[in-house]
Amino acid sequence: MGTLGGSDSGNWPPDGGHGPDTPAGWGPLVVPDDPRALAAEAAEVRRELRARARRRRWRQRLRRLTGGPEHASVRGALVPVLGAPLVALASLAVLTWPVTAVQPGRDDPRGTGTAAHGTTRHAVPRTLPALDLIDGEGRAVPLRGLLPAVILVVERCACPHVVATTAAAAPAEVSVVVVARRTPTLRLPEPHHSRVRMLADPAGELSVSLGLDPPVGHTAAVLVDRGSALTRVVPAATGVAPYVADLARLPARP
């Protein structure tokens, strides 16, 4: 061991003498009588040394894999190995991403229908929006207050024959609502005329919220049960046939 005094005799310095200088800020240097008192500090030092050794070994391994021209072939092999999982995840995301547009001319499997005139549309909500429309006297009419109902949007086609046949096929418990931006004025034979509600949707909120855009000469039909759930949406119809079966079952829905 080294000496504590300033000589080579190995003895303690005389009274008033000083040991080796210590860095400023350390304060008095106390050496415990029992070495076990330093066990915790020694364990901490060993852990730090082991951690440094592990980091050094990993840095050396990474340098061997990526450093220098002699390792270019290793880097080239790592690129496809590391990139393949990313490509697979991206492909899976594309395959499973929800599609909200439905191909034209085919019915939505949820029963909401699609545009049959060669255009796609966004998926419609599952419930009828809480909208207030306007009747012929300028009064607000809550649309959900008329349920269950079949709603015919006749913005680009008055289609009185579609309205009349729908009113004839609709059960007594089902409201027949005809909607356009201006209050529709249709001449319908009795008793159909008395059970049809003509309402205005000046801002076209219903069509926008349901993604309806029927072509000229077509009407859109929306069937809603008493719980506000959309049971069928036919964006382009020229008659009652596409939804007459659903119309007959509408009162039985909760």
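The values are calculated or read from the model by the stated rules, or taken from the named source; none is laboratory data. It should be emphasised that the depicted structure is a prediction, and the values quoted were computed from it without experimental measurement. Positions of Cβ are generated from backbone atoms using ideal geometry, with glycine treated the same way; all protein chains shown enter the neighbour counts.
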Of the residues that sit in the stretch 171-196 and are at pLDDT below 90 and among the basic types (Lys, Arg), which one is nearest to ASP135 (Cα to Cα)?
ARG195
Exception for ALA252 within (1) more than 16 Å from PRO160 (Cα to Cα); (2) of a type in the set (A, V, I, L, M, F, W, C); (3) touching a residue at least 12 places away in the same chain (Cβ under 8 Å) falls at (3)
If you check GLY211, GLY204, GLY136, which single one turns out to be more than 20 Å from PRO254 (Cβ to Cβ) and more than 34 Å from the chain's Cα centre (by Cα)?
GLY136
Find the residue count for the stretch 196-217, including only residues that are buried (at least 22 other Cβ atoms within 10 Å of the Cβ) and either in contact with a His (Cβ under 8 Å, 6 or more places away or on another chain) or not assigned by TED's automatic domain parsing to the domain that holds PRO171 (or both).
1
So which strands (runs of 3 or more DSSP E) are wholly in the stretch 188-252 and hold at least 3 residues that are among the hydrophobic types (A, V, I, L, M, F, W, C) and within 18 Å of PRO171 (Cβ to Cβ)?
219-224
Residue, modelled with the highest pLDDT, within the stretch 142-170, restricted to residues that are surrounded by fewer than 16 Cβ atoms within 10 Å (Cβ to Cβ) and under 20 Å from ALA221 (Cβ atoms):
GLY145
Based on what the data block shows, is VAL174 loosely packed, with under 15 Cβ neighbours inside 10 Å and of a type in the set (Val, Ile, Thr)?
no
Output the residues belonging to the stretch 218-229 that are crowded, with 20+ Cβ neighbours inside 10 Å and either within 31 Å of the chain's Cα centre (by Cα) or not assigned by TED's automatic domain parsing to the domain that holds VAL179 (or both).
ALA220, ALA221, VAL222, LEU223, VAL224, ASP225
